[in-house]
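The values are calculated or read from the model by the stated rules, or taken from the named source; none is laboratory data. All values derive from a computational prediction rather than experimental measurement. Here the Cβ positions follow ideal geometry from the backbone for every residue, glycine too, while neighbour counts run over all protein chains shown. Only protein heavy atoms, including side chains, enter the accessible area calculation; ligands, DNA and RNA are left aside. Shrake-Rupley method; radii C 1.70, N 1.55, O 1.52, S 1.80 Å.
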Amino acid sequence: QVDAVRVYVNSSSENLQYPVLFVVRQQKGVLSWQVPLIFRGLYQRTYNYQEVSRTLCPTEPTPETRPSDQIIFVDVASMAPFNIAYELLVTRLENFQLETNKAFNFTASPSQPQYFLYKFPQDVDSVIINVVSDAAYPCSVVSVQDIVCPVYDLDHNVEFNGVYQSMTKQAAITVQRKDFPGEQFFVVFVIKPEDYACGGSVPSSIHGNVNRTWNLQRTKNLQVTIVPSIKKSVYVQAMFFSFLSFLSFYLGSVVVAFVHYIRVQRKASAGRLTPEHGSGMMTSSHPISASTPEGSSYGAIDESSSSGGRQLPSPERRPPAGSDTDSSVEEESDFDTMPEIESDKNIIRTKVFLYLSDLSRKDRRIVSKKYKIYFWNIITIAVFYALPVIQLVITYQTVVNVTGNQDICYYNFLCAHPLGVLSAFNNILSNVGHMMLGFLFLLIVLRRDILHRRAMEMKDIYTLDYGIPKHFGLFYAMGIALMMEGVLSACYHVCPNYSNFQFDTSFMYMIAGLCMLKLYQTRHPDINASAYSAYASFAVVISLAVLGVVFGKNDMWFWVIFSMIHVLASLALSTQIYYMGRFKIDGPDSDVGMFRRAVMVLYTDCIQQCSRPMYMDRMVLLIVGNLVNWSFAIFGLVYRPRDFASYILGIFICNLLLYLAFYIIMKLRSSEKLLPIPMFCIVATAVVWAAALYFFFQTLSSWEETPAESREKNRPCILLGFFDDHDVWHFLSAAALFFSFLVLLTLDDDLDTVRRDKIPVF
């Protein structure tokens with residue numbers, strides 16, 4: 001047991017010109033202070049205390065002295081020309097050494113800090129120091145320092161050594177044995193003279209003698225408990241759990257693929273179906289007889305009329321089936337070069353009843369090449385985006401480790417398990433699901449792509465205009481985006497804070513945008529946005545997110561501008577969707593003609609046909625979508641949420657869910673079926689998203705508040721003693737995104753035996 005001595009001094013003098021100086025000389029150090037003791041705050045405020053109590057640095061017993069003997073010299077001096085009364089009291093601390101799993105209560109104030117000694121037990125390699133208080137204020141600081149004298153235990157020097165956190169009601173610091181060669185350390189508790197560092201009120205700027213405050217009562221009751229942290233075996237168990245959980249998805253995918261292969265082979269051997277392996281579905285060996293009768297689909301357009309009176313190109317003029325390659329011979333300037341497309345697309349896209357054959361008339365090779373640009377571009381974006389992010393978060397972690405300032409990063413300190421230089425390895429490990437499931441989705445898409453190419457080599461599929469056109473470029477881009485979401489989320493959780501939150505959300509925007517583009521591309525393959533315009537739009541969104549993080553807190557002008565951009569963008573996009581990309585405001589004569597045409601379009605389409613729009617289904621979707629987006633704009637303008645990045649992400653997710661619900665409803669209205677696999681994926685997506693969102697809203701920290709206030713939300717681990725609620729959110733959200741992607745991949749599998757001129761566009 002180590003003994004420690006505490007010195008209490010008191011002086012009734014308020015003369016700041018002639019303070020009383022106390023110097024304590026020990027075997028290995030000198031400690032000095034003055035009375036009145038002066039603390040400085042904001043705006044040159046001073047806080048003076050006439051009572052000071054300090055704990056002296058304990059000394060190890062030597063062979064010449066008994067364990068309880070300590071030789072101490074106390075010098076008292078003052079330059080005052082008159083006598084000053086003072087009081088000096090030296091006491092021995094009975095409970096200087098803290099014990100494992102035993103709570104200890106004490107009191108501290110700015111002029112009477114406290115610190116205690118802790119020694120690691122033999123079988124403990126890591127401990128968590130839990131400090132709690134019933135009162136949020138006064139603001140305090142908890143510090144862990146090596147056994148070095150003097151101990152830094154005042155407000156102006158507590159940050160000079162060791163690891164420290166600011167605190168209101170709760171603090172937690174994980175300490176590892178390897179960081180302290182002596183296998184012991186001091187736990188220091190300092191009360192700050194002001195509360196602004198913990199989110200309290202900021203003192204007003206007042207000049208003159210009023211800035212001096214005497215003997216302000218700022219006493220805080222604290223309770224400290226040191227508990228052993230997890231053992232190394234728990235790290236191994238957590239890593240096995242993480243990888244095996246998502247490897248089970250690989251096993252399930254292999255089982256589904258094998259079962260499907262057996263079923264296809266049986267049906268093929270029976271002579272009923274010919275396997276069309278491109279998507280794992282079948283194409284009828286007698287397509288004409290298997291299609292819907294001509295008279296049963298109202299508004300259907302036969303092959304002769306669907307091109308506006310022109311005959312479709314004969315099979316001889318089409319490229320051979322085996323030529324679907326990525327050859328660089330075709331430049332992007334080759335897009336839209338079919339003369340019948342250019343001459344008739346205005347007429348076709350303005351028909352009241354549109355079918356897939358009307359919007360899938362371009363050469364499949366050229367369109368597929370166009371969509372593969374999504375894949376290559378997102379890889380380039382990912383590399384250029386991720387490298388500086390990784391470099392930045394490594395710098396953040398290095399600063400935390402070197403300075404010991406744990407207020408830089410907003411961890412859940414009650415469940416932050418370090419590994420190596422990383423302070424919260426569990427938050428990084430839990431993102432492995434995004435990377436593993438993103439790679440699995442790429443493998444599933446690659447399988448479909450390869451089997452589709454094989455089927456095209458076996459049969460000239462260009463003569464069979466059946467099912468949704470198979471373009472896999474956007475699916476590849478979605479898989480890469482899911483993997484990058486895991487990488488960047490892990491980077492964000494290296495040191496989560498206000499400055500790097502956009503790293504965690506950037507690829508979420510891209511995932512939501514790519515899903516909407518893929519959903520639209522399914523029935524509009526010829527008129528979907530190009531990769532360049534799509535990624536340029538994402539760049540604008542990310543730029544707005546960064547501006548929102550910087551200016552969105554209190555600047556009303558930013559919210560006014562953003563809300564106007566949001567509403568105008570919604571209207572412009574709605575116009576393009578409603579008119580299938582054929583709405584152009586251009587006057588042949590002058591600018592007056594341009595405005596005249598705009599007025600005429602608004603009059604004919606919005607006033608004359610308000611009771612019955614030409615495209616009713618699209619109009620309903622766009623009205624609901626605009627109401628949702630305008631509601632978001634009004635909400636942002638009124639409440640100005642501080643978490644601007646999550647606000648934009650909410651806009652994207654709500655629009656995606658709205659469009660997906662509309663698509664499924666229209667699909668069922670068109671008497672199309674949902675096969676068992678997409679139905680299972682839809683149910684799994686809904687269930688897993690519901691569970692994931694439950695854990696997402698279990699707020700464990702918040703960089704919208706001060707670090708001390710954020711720590712009030714910290715909670716212990718809930719899974720394997722290693723993962724917290726947010727880690728479970730990572731696991732479940734990765735699975736939910738994977739199932740969501742499978743919904744988009746398999747949703748229209750039932751249409752592979754339906755002619756494209758029987759598949760409605762909506």
Query - Per-peptide average of other Cβ atoms within 10 Å, ordering 724-734, 160-170, 669-679, 543-553 highest first - result: 724-734, 160-170, 543-553, 669-679
Report summary line: The set of residues whose placed amide H lies less than 5 Å from the amide H of S126, leaving out same-chain residues fewer than 5 positions away, is R177, S229
Report task. Once you have the Cα-Cα distance between S201 and L89, take 0.36 nm times their residue separation minus that, and quote the gain in nm to one decimal. Result -> 36.8 nm
Query raised in the report: Where the centre of each part is set by its Cα atoms, how far does the stretch 419-434 sit from the stretch 666-684, in angstrom?
Result: 37
Requested in this report: At 7 Å along the Cα-to-beta-carbon direction for both K28 and K178, put a label point, then send me their distance in nm to one decimal.
Outcome: 2.5
Query raised in the report: Which entries in the list K192/K232; K119/K232; K119/K169; K267/K470; K178/K713; K470/K673 go over 27 Å, if you measure between the two C-alpha atoms of each?
Result: K192/K232; K178/K713
**Report entry** Pairwise FRET efficiency - F82 versus N405, Cβ, R0 = 60 Å, nearest 0.05
**Finding:** 0.85
Query raised in the report: Once you put a point 7 Å from the Cα of S537 and another 7 Å from the Cα of T46, both along the Cβ direction, what distance in nm separates them?
Result: 6.4
Report summary line: Taking N as the number of residues in the stretch 138-247, the ratio of its alpha carbon radius of gyration to 2.2 N^0.38 Å works out to 1.50
Query raised in the report: In the full protein assembly as shown, how much of V560 is accessible to a 1.4 Å probe, in Å² to the nearest 10?
Result: 60
Report summary line: Distance in nm between V234 and V148 label points, each 7 Å along Cα→Cβ, equals 3.0
Requested in this report: Treat the stretch 24-167 as a sphere of radius equal to its Kirkwood radius over Cα pairs and apply Stokes-Einstein at 25 °C in a medium of 0.890 mPa s; give the translational diffusion coefficient in µm²/s, rounded to a whole number.
Outcome: 137
Report task. Could you tell me what percent of the accessible area of the stretch 1-94 is made up of carbon and sulfur, with a 1.4 Å probe and every protein chain present? Result -> 51
Query raised in the report: Can you give the accessible area per residue of the stretch 385-437, in Å², using a 1.4 Å probe?
Result: 37
Report task. Please work out, to two decimal places, the log10 of the ratio I(q)/I(0) at q = 0.22, 0.23 Å⁻¹ from a Debye calculation in which every Cα of the stretch 1-94 carries one identical scatterer. Result -> -1.10, -1.16
**Report entry** Accessible area per residue in Å² at 1.4 Å probe, computed on the stretch 1-94
**Finding:** 59
Query - the stretch 401-548: Rg to Rh, with Rh as the Kirkwood radius over Cα pairs - result: 1.12
Query raised in the report: Efficiency by 1/(1 + (r/R0)^6): what FRET value for F104 and I653, r their Cβ-Cβ distance, R0 = 41 Å, to the nearest 0.05?
Result: 0.30
Report task. Give the ranking of I71, I390, I664 by solvent-accessible surface, highest area first, calculated with a 1.4 Å probe. Result -> I71, I390, I664
Report task. Calculate how large, on average over all directions, the projected area of the Cα convex hull of the stretch 611-710 is; give the answer in nm² to one decimal. Result -> 9.3
